[in-house]
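J.: Quick one: this structure, given as structure tokens, is what I'll be asking you about.
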Amino acid sequence: MRKTAVYALGGNALQSPTGASQQSAEVLARVMSDVIDLLEMDWSVVVTHGNGPQVGHLLALDASHSQTLDAWVAATQGMIGHELSMHLQGILERRRRPERTAVVLTHVEVDREDDAFHWPTKPVGPVLDAETVMSADWDIAETIHGPRRVVASPMPLRILELDVIRHLVNLRAVVFCGGGGGIPTSRLGEHQQGMPAVIDKDHFSSLLASDLKADALIISTEADAIYRSFGTPEAEALRSIDVKVAEAMDEAGEFPEGSMGPKVKALCDYVSKSDNGKAVLCSPGHVLEALRGEQGTTITT
């Protein structure tokens with residue numbers, strides 16, 4: 001059977017609604033190269049992606065606050081999925097490859113009693129002016145850039161479109177799904193209801209990789225590896241690290257909650273649940289070297 005990889009891509013690497021920088025275009029080209037490399041190794045590929053900059057831009061445009069946060073997450077899933085799908089589809093056709101792309105609007109169930117809803121900490125949207133701070137019915141926190149709206153970031157429990165994604169993978173489609181960590185929903189009576197929250201993309205990707213029984217979870221990010229003592233003269237790139245050591249480093253504060261922390265937790269969670277799955281972090285364009293243990297970091301049990 002073909003192997004399956006879940007390839008998680010950060011939103012900062014993607015083209016924003018206001019236009020792509022040269023740097024982001026180059027990063028996207030390396031991401032597409034990674035996907036093609038995996039396909040040429042006869043892997044199936046499911047791509048997840050962030051949406052932070054894109055949601056922030058749309059929230060800034062919505063001065064009347066006419067849409068709910070879950071609706072904007074859905075909007076960016078469609079927008080980003082469309083761009084990624086069109087880009088990759090052109091490459092596949094030029095290379096005469098048989099695969100086709102599919103974009104799945106992805107809903108994720110969360111627990112409305114999750115502690116995150118009692119202590120919202122995830123900044124979303126633009127820096128707020130004084131009038132908005134005084135009038136908006138939001139949780140607001142002071143950040144290094146100024147006051148911003150903060151929302152809950154609950155853990156994902158169930159991917160509602162999981163069977164659809166699995167079927168598309170079996171059809172050899174390259175699937176783009178789970179944009180922004182998925183559209184958060186919670187059951188209310190007999191119905192699912194959108195929630196004002198943001199799900200971490202890496203935690204979603206870990207859940208998806210586990211549920212699909214994927215052979216690899218690859219987190220593609222700006223950092224080229226997981227480092228010990230990052231940002232100090234003693235910084236050391238770790239090519240391989242086991243779960244227990246990674247968790248101990250996390251508890252010691254080695255991995256900041258706003259950047260590397262969720263990625264390490266997601267990789268540890270996946271590899272702990274997987275049978276011989278590979279949990280890899282690398283920078284875009286280095287997926288083959290990372291799978292061989294020559295680049296990035298592999299987390300082992």
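J.: Which residue, of F230, F176, F204, is of a type in the set (F, W, Y) and over 14 Å from the mean Cα position of the chain (by Cα)?
T.: Exactly one residue qualifies, and that residue is F230.
J.: Going through the stretch 15-28 one residue at a time, which ones are modelled with pLDDT under 85 and either over 18 Å from the mean Cα position of the chain (by Cα) or in a loop (DSSP other than H, G, I, E, B) (or both)?
T.: Scanning the stretch 15-28 gives Q15, S16, P17, T18, G19, A20, S21, Q22, Q23, A25.
J.: What is the number of the single condition among (1) in a strand (DSSP E or B); (2) modelled with pLDDT under 95; (3) farther than 17 Å from P53 by Cα; (4) among the β-branched types (V, I, T) that V150 does not meet?
T.: Single failed check for V150: (3).
J.: Might you check whether a residue that is out of contact with any strand residue (DSSP E or B) (no Cβ under 7 Å at 6 or more places or on another chain), at pLDDT 95 or above and in a helix (DSSP H, G or I) occurs anywhere in the stretch 43-58?
T.: no
J.: Let me ask you something else. So if I check each of V133, V31, which one is part of a helix (DSSP H, G or I), of a type outside the set (K, R), farther than 14 Å from G180 by Cβ and touching a Leu at 6+ places or on another chain (Cβ under 7 Å)?
T.: One residue alone meets the criteria, V31.
J.: For the stretch 218-264, how many residues are among the hydrophobic types (A, V, I, L, M, F, W, C), touching a Ser or Thr at 6+ places or on another chain (Cβ under 8 Å) and under 18 Å from T300 (Cα atoms)?
T.: So the first thing to find is which residues in the stretch 218-264 are among the hydrophobic types (A, V, I, L, M, F, W, C), and the list is 218-219, 223, 225-226, 230, 235, 237-238, 241, 243, 245-246, 248-249, 252, 255, 260, 264.
Then keep just the ones that are touching a Ser or Thr at 6+ places or on another chain (Cβ under 8 Å); that gives 219, 223, 225-226, 235, 237-238, 241, 243.
Within this subset, residues satisfying the condition of being under 18 Å from T300 (Cα atoms) are 219, 225-226, 237-238, 241, 243.
Qualifying residue count for the region: 7.
J.: A further question on this structure: Which of the helices (runs of 4 or more DSSP H) contained wholly in the stretch 211-301 include at least 3 residues that are free of Cβ contacts under 8 Å to residues at least 60 places away in the same chain and more than 26 Å from V46 (Cα to Cα)?
T.: Of the helices (runs of 4 or more DSSP H) lying wholly inside the stretch 211-301, those with at least 3 residues that are free of Cβ contacts under 8 Å to residues at least 60 places away in the same chain and more than 26 Å from V46 (Cα to Cα) span 243-251.
J.: Taking the stretch 168-187, which residues are of a type in the set (A, V, I, L, M, F, W, C), touching a helix residue (DSSP H, G or I) at 6+ places or on another chain (Cβ under 7 Å) and within 23 Å of S44 (Cβ to Cβ)? Please lay out each step first, then the result.
T.: Step one: list which residues in the stretch 168-187 are of a type in the set (A, V, I, L, M, F, W, C), which gives 168-169, 171, 173-177, 183.
From what is left, the residues that are touching a helix residue (DSSP H, G or I) at 6+ places or on another chain (Cβ under 7 Å) are 174-177, 183.
Matches in the stretch 168-187: V174, V175, F176, C177.
The values are calculated or read from the model by the stated rules, or taken from the named source; none is laboratory data. No experiment lies behind these values; they were computed from the predicted model shown. Don't worry about glycine lacking a Cβ; one is built from the backbone with ideal geometry, like all the others, and counts go over all protein chains shown.
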